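As structure tokens, the structure follows; a few thoughts come after it.
Read-outs: derived from the displayed coordinates by stated rules, not from any lab. Being a predicted model, the structure only gives us computed values, none of them experimental. Counting neighbours? That spans all protein chains shown, and the Cβs are built from the backbone with ideal geometry, glycine included.
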Amino acid sequence: FYLGISYLATGYFFSSGQTSGFHAAGNVLAFFIPLGVSGAFYFSSQMIKKEKAAKALGISIVLLVFLYYAAFQVKAFKDVKKSGGINPYPASSQVILDWFKKENRTDAIVMIHMPNTFNYYTNLKMVQIPTNDPVSSIEKAIEYYNCEYLVLTGNTPSIFAGLYSGAEKIHGFNLVYEKELPYTIPVVGGGNKIKIYKIEKDKLEKRNAE
């Protein structure tokens, strides 16, 4: 019963910023919350021998974690309000989808950060950009999944931060579309621009051969 209620609660609260029912990784918290709470009290009992003080510490840890996530949700709603009521998740996803529709390439396989979120709103075939990997590893993923486009929504992953900011160019990634948005895309390292690059595999192969 507890797990069922927790699943529904976390699914609602962690998805509310996306306006998408129960589409959120936060759902799995229902299965980790009992472990986390008991773990916090066990940790406290090991740190402090006095029972009352240990319970107080355990409660404090649990409350701090709860307040952290609550503050995250408050920030999400403030971002929506700041952007004039625009929900950035579906709005930014629509920008991406519109471009692929215009180019008649909705069948293309796209490499992007947090593909689960953008796939939910666009239904495009998407692959996660390998995080904290060198370009050579990313190129292997591109070849394996036959990715044709790279979409950047911010400075994550850091390997493409310079490409996103325009400070550098990477041979084989040709910028074909760029749009500045009136809000910050709410992903890790999110920026206020969407950049779409055509992956020129022949140039990637040529560079690797050199």
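Summary table below
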{"quantity": "Distance violations [Cα-Cα > 19 Å] among LYS101/LYS201; LYS81/LYS125; LYS102/LYS201; LYS169/LYS193; LYS102/LYS179", "calculated": "LYS101/LYS201; LYS81/LYS125; LYS102/LYS201"}
{"quantity": "Histogram of C-alpha separations across segment 84-157, 5 Å bin width, %", "calculated": "3, 16, 27, 24, 16, 10, 3, 1, 0"}
{"quantity": "Qualifying GluC sites (Glu not before Pro) in segment 165-202, DSSP loop, other Cβ atoms within 10 Å at most 10", "calculated": "GLU168"}
{"quantity": "Cα point-scatterer Debye curve for segment 121-207, base-10 log of I(q)/I(0) at q = 0.12, 0.13, 0.19 Å⁻¹", "calculated": "-0.34, -0.40, -0.90"}
{"quantity": "Cut-off 18 Å, label 7 Å out along Cα→Cβ of SER158, residues of segment 95-117 by amide N", "calculated": "113-114"}
{"quantity": "Cut-off under 5 Å, modelled amide H: who pairs with ILE129 long-range", "calculated": "ILE112, HIS113, MET114"}
{"quantity": "Computed magnitude of the charge dipole of segment 105-177 (debye, nearest 20; Cβ of K, R +1, Cβ of D, E -1)", "calculated": "120 debye"}
{"quantity": "Taking the C-alpha atoms of segment 41-110, convex hull volume expressed per residue in Å³", "calculated": "117 Å³"}
